[in-house]
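The values are calculated or read from the model by the stated rules, or taken from the named source; none is laboratory data. It should be emphasised that the depicted structure is a prediction, and the values quoted were computed from it without experimental measurement. Cβ: placed from backbone, ideal geometry, glycine included. Neighbour counts: every protein chain shown. Heavy atoms of the whole protein, side chains included, go into the accessibility calculation; ligands, DNA and RNA do not. Shrake-Rupley method; radii C 1.70, N 1.55, O 1.52, S 1.80 Å.
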Amino acid sequence: METLECDPQPTEADLVTWYERVLVPQSRPALHRYARRLVPGDPHRAEDLVQETLLRAWRNLASVASSRSPQAWLSRVAHNLSIDQARRVAARPTEVAEDVTDTVWQPAESLYDAALDWAMLEPALRSLSAVHREALLLVYYQDRTHREVATLLGVPAGTVKSRTHNATRELQRVLSGYGVTGSAA
C-alpha cells in the first residue's frame, strides 16, 4: 500500500485526499476478507466491521498515515472491534424465540406452598373493602390495565390506580400482622 509521502507535517487536505484515493480503495478488499474471517457466516456483521474500522481510520487519519503499515493498523482495529463485539454479545442474556412467560413466574413451587400462600392471602383479601378488593383482583390477578378496569367498573383510571394502591398498602399491613414481610409493589 502506498504510504503518504509529503512534507513532515501533512495538511488535513493531504490526509483526506490520501484517505479517499489511496487508503480506502487499496485496503477495503483485504480488510473485507479479513473481517469475513473474523465473523464467519455473517457477511452483514463483517461489512459493519469494515465500515466501523474505516470510520476509526477517518477519525485518526494522522495516526494511520504516520504508521509504518496502514494495513496492519486497520487489521488491528478490526480485530479489536470484533473482540469487543463478541464480548458484548457474550455479556447479553440469551434471547429466546418461544414464549416462556409461563415458566418464568409461578406463584409457588409446590401445591403445598400454593395452599399455604392461599391460606394466608384469602383472609387478608377478605379484610379489604369490596371496591378495593375488586380493583386489586382485576389489575393483578386478571392482569388487566388500569384503563381496562376503569372502563369495566365505570370509574376514572385515576380512581382505579388509587384503589389498587390503597388496597396494596392495606394488604401489606394485614399480611405483616401474619408475619409476612416484604414491600408492596
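Of all residues in region 32-54, those being part of a helix (DSSP H, G or I) and open to solvent by 40 Å² or more (accessible area, probe 1.4 Å) number 13.
Of the residues making up region 117-145, those that are open to solvent by 60 Å² or more (accessible area, probe 1.4 Å), touching a helix residue (DSSP H, G or I) at 6+ places or on another chain (Cβ under 9 Å) and not in a helix (DSSP H, G or I) number 4. The requirement of being at pLDDT below 90, open to solvent by 40 Å² or more (accessible area, probe 1.4 Å) and basic (K, R) is satisfied by R88.
Residues that are modelled with pLDDT of 90 or more and assigned to a loop (DSSP other than H, G, I, E, B) were ranked within region 146-185; the one that is surrounded by the fewest Cβ atoms within 10 Å (Cβ to Cβ) is G154. Note on region 8-31: residues that are part of a helix (DSSP H, G or I) and open to solvent by less than 50 Å² (accessible area, probe 1.4 Å) total 10.
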